[in-house]
Amino acid sequence: MINAGRLNRDVVTIGGSAGSIEALLRIFEKLPANLAAAVTVVVHRPPFFQSQLAQIFNRRASLPVAEPEDGESLERGRVYLAPRDRHMVMEDGHIRLNREPQQHRFRPAVDALFLSAARAYGPRVIGVLLSGGGTDGVRGLIAIKAAGGISMVQDPKEARNPSMPAMAIAEDDVDAVLRLDEIAAALGTLTAGGTLERRAR
Amino acid sequence: MDALPRDLAPGTGRRLTGVTCPDCPGSLTVEVQGHKGHLHFVCRVGHAYSVAGLLAAKEEVLEDRLWGAALALEELAALLGDLEAYAVRECWAGVETLCRTRRQLLEEHALALRRLIEQDRPVEIGFDDPGTEMAQTGPPGS
């Protein structure tokens with residue numbers, strides 16, 4: 001059973017790359033509007049070009065989605081999307097944005113977010129790795145699980161680019177492998193201190 | 001010199017490698033993360049890679065360097081070719097032959113290098129078929 005200790009997992013971190021935008025849209029549409037967690041999201045995006053990604057998410061999401069300013073406080077019921085060309089990390093109840101070195105040749109990088117979440121919030125964290133090429137997020141998901149958090153990936157069979165979730169499954173014991181519709185429901189349950197049955201996919 | 005520490009294993013901490021960072025001149029360190037052997041590489045300033053990402057980045061560095069070498073050959077050959085023509089116009093005794101001999105050798109090398117790049121085949125990075133992986137390890141997270 002996942003979350004047998006019935007902790008309120010109130011820090012949700014989500015990462016993805018190719019194929020993750022439509023995945024995130026599906027998750028955001030189905031997240032409970034009263035979600036008792038702060039949701040932080042890194043998707044790989046080109047560093048030099050403006051985009052309307054936050055606005056696109058915001059139109060369809062049940063929670064407000066925005067790119068945070070450096071130093072903004074982390075609040076439940078909001079979605080924080082990492083802006084282009086900045087790593088987004090958590091520190092002491094706040095979001096910090098920085099131009100530290102690229103990880104896996106990406107900035108923002110999923111690992112930067114996941115590692116900071118594991119360090120700052122330990123067991124309160126749920127890490128979700130969605131569709132994407134390459135391996136960014138795998139190391140961070142290992143760190144989240146090692147710190148007592150819950151690690152979750154999109155079912156690689158469903159992901160448009162299965163590399164990131166498949167590598168996470170290959171290189172750690174991921175807690176849950178779920179389809180997109182199940183991920184939104186699972187986040188609702190776990191953030192409210194509920195439990196999930198483990199099951200084979 | 002070893003590229004990776006020979007006794008690399010889970011729990012041996014972060015170790016220095018004999019490999020430089022693909023994105024800066026720094027040396028890479030490596031550490032095994034988790035218990036399934038995930039390798040995580042980081043340089044002094046903080047560029048970070050998985051083993052697949054490191055291989056991909058090093059392949060890019062290799063192609064960059066090969067084109068750098070091709071440029072050096074072709075640029076020097078072009079310079080020598082133009083100097084050869086200039087030497088003819090200015091009647092510089094001996095310079096013309098010297099330029100031509102060297103230029104012809106460089107042009108041969110440049111062609112050989114372009115052939116090498118054409119025929120090179122970078123590592124193709126896949127990942128374990130998730131179905132196979134889970135069949136081996138049972139239900140995810142169990």
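Remark: the Cα gyration tensor places chain A in the rounded category, a/c being less than 1.5.
For the protein assembly as shown, what class follows from the C-alpha gyration tensor (a ≥ b ≥ c being the square roots of its eigenvalues): rounded when a/c is under 1.5, otherwise prolate if a/b is larger than b/c, else oblate? Prolate, since a/c reaches 1.5 and a/b exceeds b/c. Here's the list of lysines a cross-link from residue B:36 could span, going by alpha-carbon distance under 20 Å and ignoring same-chain residues fewer than 8 apart: A:145. When the charge dipole of the protein assembly as shown is built from unit charges on Cβ atoms (+1 for Lys and Arg, -1 for Asp and Glu) and taken about the Cα centre, the candidate among A:20, B:72, A:106 whose Cα reaches farthest toward its positive end is A:20. The Cα atoms of segment A:93-142 define a convex hull whose projected area, averaged across directions, is 3.7 nm².
A protection proxy built from the mean count of other Cβ atoms within 10 Å ranks the segments A:79-85, A:29-35, B:35-41, most packed first, as A:79-85, B:35-41, A:29-35. Taking every alpha-carbon pair under 8 Å whose residues sit at least 6 apart, chain A reaches a relative contact order of 27 percent. Listed values for segment A:170-181 are Karplus-derived 3J(HN,Hα) couplings in whole Hz (6.51 cos²θ - 1.76 cosθ + 1.60, θ = phi - 60°), namely 5, 10, 7, 8, 6, 5, 8, 10, 10, 7, 4, 4, and x replaces Gly and Pro.
At 222 nm, what value in deg cm²/dmol follows for chain A if DSSP H runs of at least 4 each add -39500 (n - 2.57) and the sum is divided by all its residues, to the nearest 500?
Calculated at 222 nm, the ellipticity per residue is -9000 deg cm²/dmol.
With an 8 Å cut-off on Cα pairs and a minimum separation of 6 or more residues, tell me the relative contact order of segment B:16-126 in percent. Relative contact order comes out at 19 percent. Since only B:62, A:38, A:189 are under comparison, the one whose Cα sits farthest along the positive direction of the charge dipole of the protein assembly as shown, derived from C-beta charges on Lys, Arg, Asp and Glu, is A:189.
You can think of it this way: the chain between residue B:6 and residue B:104 has 30.7 nm of extra reach, that is 0.36 nm per residue less the Cα-Cα gap. Rounded to the nearest 20, the size of the Cβ-charge dipole of chain A about its Cα centre is 260 debye, with Lys and Arg at +1 and Asp and Glu at -1.
Coordinate-derived values only; no laboratory data. Everything quoted here is computed from the prediction, not taken from an experiment. As a convention, Cβ positions derive from the backbone with ideal geometry for all residues, glycine included, and neighbour counts pool all protein chains shown.
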